[in-house]
Structure formats: C-alpha cells, structure tokens
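Taking it in order: structure first as structure tokens, then the write-up.
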Amino acid sequence: MATRDPAKTLRNKQIDKLTEQINDLLGEVLDLTGFDKEQSLNATYGGKYAEYIDIKNEVVDSPEQFIALYFQGFLRTLEGLGIYARNGNRYYDAYRHVKKHKKVQQWLKLFLMRTYLRNYEALSKKRPNVEDAEIWIGQKNASYGLLVTPRFKDGQWENDKSEIRHFKPRYWTIGHILETGFVIPDEDDRIVFDDVEKYLSFFRNTLVRNSGSVHELAIAKRYCDFVKSSPSPKDIPLLIPELRYGGKEAKHEYRLDFTVIDPYTLSKVGFELSPWSTHGLITGTKTKTQKEINEEALANFEKEMKKLKAYFRRRGIPVIVYTDNDLQDHDGIFSEMTDYLTPAKLQKQLEFHAIEDFLSFRPPL
C-alpha cells in the first residue's frame with residue numbers, strides 16, 4: 001500500500017476548510033454580483049487566473065504570491081481597456097464588484113487560495129529560465145553583470161547553461177555574488193570579493209554612492225548593518241541598485257533605486273525613493289500662487305509615479321514608492337524593506353501591495 005504524502009494530506013484538509021468558508025459566503029456573493037449560479041461566478045473570476053498569470057513560466061510557491069500575481073494581471077487587463085473600462089464590460093464589472101463589496105473581495109481571496117492549493121504541484125514546480133540567469137546593473141557606461149555560471153566566449157559574457165541547475169548558492173543572494181563576482185561588459189575581467197565585508201564595502205561606496213542620493217546611501221548603510229548582523233549573511237538577498245530591466249544593451253525608460261529578487265521564486269520587487277524635488281519639479285512659478293504651485297507639483301508627481309508603476313507592472317514587477325514624508329524616516333523604510341529581504345515574509349507583503357494598487361484603479365475619463 002502506498003504511503004500517504006503528509007503535505008498533500010494537509011493541503012486537502014486546507015482545501016476542505018476553504019470550501020466550507022466559500023460556501024458560507026456564496027449566497028450573499030451571488031446576490032451582490034447578480035450571477036444566478038456558482039459556475040458563472042467561478043468562470044468570471046477563478047477561471048481567469050491563467051489569463052492574468054504567466055503560469056507557463058512563473059514559479060508560484062505560496063497562495064499569497066498567487067493572489068498577488070492574479071491582482072497584478074487583473075490590473076494590467078483593466079489598464080489595457082482604455083475607454084472601454086466602463087459598465088457593461090465584463091472585466092470592468094468584475095472589478096467593480098470587488099471594489100464595492102468587501103464580501104466579494106473576501107470570497108475571491110478564499111477562492112484563489114483554494115485554486116492555488118488544488119493546482120499546487122503544477123504551479124510551484126521549478127522551471128529554470130536561462131534569460132533570468134543574467135542581470136545587469138548601473139549606468140550604460142558604468143555597468144556590471146551578475147550571472148549564475150559566467151564564462152567569457154567570443155568577446156561576450158554568457159552563462160554556461162549546462163551548469164545553471166548545479167549552482168550551489170541561493171540565487172541573487174550575498175552568497176551568489178561571492179561565488180561569481182561581477183563581470184565587466186565586453187571584457188574578460190571580473191570584480192571578485194573574498195568575503196562579505198569586501199562586497200558590502202563595494203556595494204555601499206561604489207555602487208550606491210555614485211548615485212549622489214542621501215536617501216539611497218542611508219538605506220545602503222542599514223542594509224550593510226542588516227547583513228552583518230545576520231547569522232546567515234550569505235543567504236540574504238542582494239539589495240540591487242539600478243537594475244537594468246531590459247539587459248545590458250537596452251535603453252531604459254526607468255531604473256528603480258533598488259530591487260530585490262526572491263532567491264526561491266525569482267520574483268522581483270522594486271523600491272523607489274522619490275522626493276518631490278526629483279519628480280514633482282515645476283517651472284514658471286513667479287506668476288503662480290503657492291496653492292497653484294503645490295497643486296501642480298502634486299499633479300506632476302502623481303502622474304510620474306503612475307507612469308513608473310505602470311511601466312514596471314507591464315514587466316510583472318511590483319513597485320513600492322517612498323515619498324517625502326516616508327523619506328524622513330529611513331529606519332521605518334528599511335524596516336519594511338526587511339520583509340522583502342526575508343523571503344519567508346515576502347509574499348504576504350506583495351499580496352497587500354498588489355490588492356492596494358488594484359483597488360486604486362480609475363478608468364480614464
């Protein structure tokens with residue numbers, strides 16, 4: 001007789017419990033949404049997860065991450081509707097029910113958790129992606145490459161694809177950079193680090209200091225202290241400055257101040273430290289009142305932040321923006337960032353920010 005898989009048994013118990021909770025809400029949710037039967041409700045929401053999430057390539061290892069990716073994909077769909085984001089459009093109507101009714105939002109989260117658990121084996125299976133094994137950071141003329149199994153061939157750096165699976169350190173962590181170092185583009189040369197201290201010194205005094213941002217430098221200092229105080233510093237994810245999302249050659253519309261890549265799921269989250277002086281600057285103030293200046297500056301800033309977040313959302317990268325009030329408390333900012341530097345805590349935070357962005361959607365006038 002085959003031995004039962006205890007993890008699968010636990011999942012089945014969780015599925016049964018979620019089904020009870022879903023059934024308790026079902027009648028009220030049907031009334032609120034206007035659907036006459038459960039199958040139609042399920043098809044409108046749960047049946048869309050493969051449309052909103054790239055399940056062929058995405059590695060999803062928790063219900064919270066699944067929910068976050070679902071809402072990010074749903075929001076991308078809404079943003080793509082343009083002037084058709086209005087009553088009568090099935091996507092917009094589905095969004096409106098979630099936005100308006102807490103019970104519908106509660107039901108949807110439970111439904112998505114159950115969907116994930118029912119499809120756990122397929123959704124959580126690791127699928128190595130060669131393109132994700134190479135990143136470049138920094139300005140165009142001062143960039144560095146971080147690969148998994150780097151080798152210099154025909155005048156270019158590339159990964160030894162046959163060895164990627166056998167890479168021992170956790171991806172995109174302090175241990176990773178100690179193993180490979182940074183490669184110099186188009187040259188058979190690397191910058192290597194003998195220990196954690198050597199890398200942190202380069203990170204803070206070369207990579208971050210060149211930005212000229214006091215806020216970035218303040219966060220870098222706290223990151224260095226965080227790594228040094230860790231009992232397992234090599235397992236800490238890298239805090240990556242100015243990740244070039246399109247690779248070494250691409251021209252970039254935006255670069256984020258910092259990025260963290262989860263070493264288990266390879267999902268990314270970006271951080272932008274954005275004072276008004278950087279994004280909300282206005283000109284021609286001599287003829288304007290202080291109120292007009294403030295209103296215009298706020299409008300400029302909000303427009304720029306909306307463009308930035310939408311730009312990275314199209315690439316499946318959630319972004320957390322810290323503005324002037326936040327930047328007065330560097331300790332508070334880094335305290336939140338540590339949730340993303342501790343992968344076990346990451347997914348719940350991503351779920352929160354994804355739903356928050358989703359509920360703030362406004363159709364174009």
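Worth a mention:
- Enumerated helices (runs of 4 or more DSSP H) restricted to the stretch 304-364, each holding at least 3 residues that are buried (at least 18 other Cβ atoms within 10 Å of the Cβ) and at pLDDT 85 or above: 330-340
- Only one of I184, I219, I261 that is surrounded by fewer than 17 Cβ atoms within 10 Å (Cβ to Cβ), touching a residue at least 24 places away in the same chain (Cβ under 8 Å), assigned by TED's automatic domain parsing to the domain that holds S335 and not charged (D, E, K, R): I184
- Of residues in the stretch 38-65 being polar (S, T, N, Q) and under 15 Å from the mean Cα position of the chain (by Cα), the one nearest to Y91 (Cα to Cα): Q65
- 1 or more residues in contact with a Leu (Cβ under 9 Å, 6 or more places away or on another chain) and more than 18 Å from S267 (Cβ to Cβ): qualifying helices (runs of 4 or more DSSP H) within the stretch 11-108: 38-44, 90-100
- Take the conditions (1) surrounded by 12 or more Cβ atoms within 10 Å (Cβ to Cβ); (2) at pLDDT 85 or above; (3) farther than 30 Å from Y340 by Cβ; K37 misses just one of them, which is (1).
- Residue check, I174 assigned by TED's automatic domain parsing to the domain that holds Q156, buried (at least 19 other Cβ atoms within 10 Å of the Cβ), at pLDDT 95 or above and under 20 Å from F334 (Cα atoms): yes
- In the stretch 196-238, the residue that is nearest to the chain's Cα centre (by Cα) out of those that are closer than 14 Å to L341 by Cβ, part of a helix (DSSP H, G or I) and hydroxyl-bearing (S, T, Y) is Y223.
The values are calculated or read from the model by the stated rules, or taken from the named source; none is laboratory data. In this text the structure is predicted, and so the values were computed from the model without any measurement. Cβ sites come from the backbone with ideal geometry, for glycine too, and all protein chains shown count toward neighbours.
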